[in-house]
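Here is the structure we will look at, set down as structure tokens.
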């Protein structure tokens with residue numbers, strides 16, 4: 001089935017469908033990187049609405065399910081910030097960082113360490129140095145600004161000396 005629309009129309013439709021702001025730049029990105037097929041010629045670009053529907057279906061809920069299979073049921077999906085665009089993520093992350101740095105300064109007995117601990121080595125390292133892990137939060141890292149934008153997982157360890 002085909003229902004073609006301009007990038008602007010696709011942006012408006014996606015914003016309404018997802019109940020969040022989807023810009024023309026977001027749609028252009030999907031076309032540029034082959035996430036949705038480009039239709040048209042002579043400099044015009046058209047998007048098939050059903051290609052967009054299929055693209056967004058693959059994200060809504062499926063990414064969380066896939067990551068839970070990889071990392072386990074104790075995954076903290078909220079820390080993935082999956083619902084935020086990169087710009088919003090950066091603002092949110094900076095606010096959280098400022099807030100928790102103040103708390104960490106007040107509670108000098110706790111440390112937080114963020115690790116991409118693929119081989120589960122950190123618990124033995126912490127033990128060797130007399131640290132006790134009191135909690136850990138697994139999170140997928142989805143919003144990346146580096147050239148290699150592959151998603152990966154990390155663990156945030158809370159430890160006490």
Seminar exercise, completed: Taking first residues from segment 28-55 that are closer than 13 Å to residue 5 by Cα and second residues anywhere that are modelled with pLDDT under 85, the pairs with Cβ under 6 Å that are 6 or more apart or on different chains are 36/55; 46/40; 48/2; 50/1
For this session: Kindly provide the set of residues from segment 51-96 that are within 21 Å of residue 114 (Cβ to Cβ), in a loop (DSSP other than H, G, I, E, B) and at pLDDT below 75, ordered by number.
Result: 81, 82, 83, 84
Seminar exercise, completed: residue 44 meets each of (1) surrounded by 15 or more Cβ atoms within 10 Å (Cβ to Cβ); (2) at pLDDT 80 or above with one exception, condition (1)
Exercise. Just a yes or no: is a residue in segment 99-116 at pLDDT 65 or above, part of a loop (DSSP other than H, G, I, E, B), more than 13 Å from the chain's Cα centre (by Cα) and not assigned by TED's automatic domain parsing to the domain that holds residue 20?
Worked result: yes
For this session: Would you check which residues across segment 21-40 are in contact with a strand residue (DSSP E or B) (Cβ under 9 Å, 6 or more places away or on another chain) and in a loop (DSSP other than H, G, I, E, B) and list them?
Result: 36, 37, 40
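The values are calculated or read from the model by the stated rules, or taken from the named source; none is laboratory data. Quick caveat: nothing in here was measured; it's all calculated off a predicted structure. Heads up, the Cβs are rebuilt from the backbone with ideal geometry, glycines too, and the neighbour counts pull from every protein chain shown.
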